[in-house]
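Before any comments, here is the structure.
Every read-out reported here was derived from the displayed coordinates using simple, explicitly stated rules and does not represent laboratory data. Bear in mind the structure is a predicted one, so any value in this text is a computation, not a measurement. Using ideal geometry, Cβ is built from the backbone for each residue, glycine included, and neighbour counts are taken over all protein chains shown.
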């Protein structure tokens with residue numbers, strides 16, 4: 001049974017995972033290399049919990065109790081009593097491998113490790129640790145407090161007990177589990193990111209404007225948001241990383257990242273978080289950049 005959860009990475013995903021864990025009654029320790037990221041994450045969690053309370057989805061008393069269960073820090077020694085540590089750092093395999101190598105000396109022998117990667121091989125990441133059998137992929141969707149799905153991905157060495165414990169945890173968090181095999185990008189991103197990449201190609205080749213493409217998919221395919229708007233929300237750097245994993249892992253030209261997506265990332269136009277991507281977010285309303 002999992003009661004004490006460590007989370008590495010205080011960005012949007014890490015903060016969201018901390019939010020749902022604390023709300024479910026778990027003790028959470030959130031870690032990041034940047035102190036300001038930790039304070040921003042705590043503020044974000046409190047603000048989002050208050051919003052849920054104002055809509056009647058969370059009791060006011062639960063907000064205070066959840067916040068009291070969250071601690072923060074930069075030292076991995078604080079994970080010494082963790083039942084499970086979830087790595088939720090940036091979608092970069094080299095960064096994740098370094099984090100995992102630094103983490104394992106601080107963990108009790110019984111601790112499980114999960115990675116929130118959206119595309120990288122669970123088997124490869126598990127091999128960096130001292131406990132491949134206790135390692136699993138736990139891919140939350142963004143925004144974590146709202147999205148119901150968690151993809152669970154076993155590496156080749158993941159024990160059945162590890163899978164069952166983490167599955168029970170996901171269900172305790174109120175999530176629905178989809179089980180995916182350990183192939184590049186798993187299920188959701190194996191289907192979603194090539195669609196986004198194709199939307200960028202459609203823009204690149206002049207078939208339609210940003211506005212036309214997004215309107216077409218919203219109204220023609222009944223998608224809640226257009227693919228370019230969604231790409232901005234995900235982060236164009238993350239979109240590019242997933243496409244690169246697919247392209248390199250499956251060696252199929254259909255996964256080649258669109259050159260326009262590469263250019264936007266090179267320009268630092270990463271979407272909402274940068275204030276500019278396929279839309280410019282500097283004004284009251286987003287304005288297409290192309």
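Report, in degrees rounded to the nearest 10, the 0 to 90 angle that the Cα long axis of helix 210-220 makes with the longest principal axis of the chain. Rounded to the nearest ten degrees, it is 70. For the pair residue 47 and residue 181, label points projected 7 Å from Cα toward Cβ lie 4.3 nm apart. Length gained on full extension, residue 280 to residue 90: 66.1 nm, using 0.36 nm per residue less the C-alpha separation. Most tightly packed first, judged by the mean number of other beta-carbon atoms within 10 Å of their residues, the peptides 1-14, 161-174 read 1-14, 161-174. Just check segment 203-290 against the gyration tensor rule for me: Cα atoms, a ≥ b ≥ c as the square roots of the eigenvalues, rounded for a/c under 1.5, and otherwise prolate or oblate depending on whether a/b exceeds b/c. It comes out oblate by the Cα gyration axes.
Using R0 = 41 Å, the C-beta based FRET efficiency linking residue 149 and residue 207 works out to 0.85. Extension gain, residue 81-residue 62: 0.36 nm per intervening residue step, less the Cα-Cα distance, totals 4.4 nm. Principal-axis analysis of the Cα atoms of the chain puts helix 160-172 at an angle of about 70° to the longest axis. Per-residue extension of 0.36 nm, minus the Cα-Cα distance of residue 223 and residue 34, leaves a gain of 64.4 nm for this segment. When you restrict to C-alpha pairs under 8 Å that are six or more residues apart and normalise by the size of segment 4-180, the relative contact order lands at 21 percent.
Peptide packing for 133-142, 51-60, 199-208 was compared via the average number of neighbouring C-beta atoms within 10 Å per residue; ordered from the highest value, the list is 133-142, 199-208, 51-60. Helix 93-103 axis versus longest C-alpha principal axis of the chain: approximately 10°, rounded to the nearest ten. If both residues of a DSSP beta bridge must be in the chain, then about 25% of such bridges are antiparallel. Measuring nothing but how far apart in sequence close Cα pairs (under 8 Å, 6+ apart) lie, relative to its length, segment 102-216 scores a relative contact order of 22 percent.
Assign one of three labels to segment 103-162, namely rounded, prolate or oblate, based on the Cα gyration tensor with a ≥ b ≥ c the square roots of its eigenvalues; rounded applies when a/c is under 1.5, prolate when it is not and a/b is larger than b/c, and oblate otherwise. In terms of gyration-tensor shape, prolate.
Counted by neighbouring Cβ atoms within 10 Å, the residues 258, 21, 239 run from fewest to most as 258, 21, 239. The calculated 222 nm mean residue ellipticity attributable to helices in the chain amounts to -13500 deg cm²/dmol, summing -39500 (n - 2.57) over DSSP H runs of n ≥ 4 and dividing by all residues.
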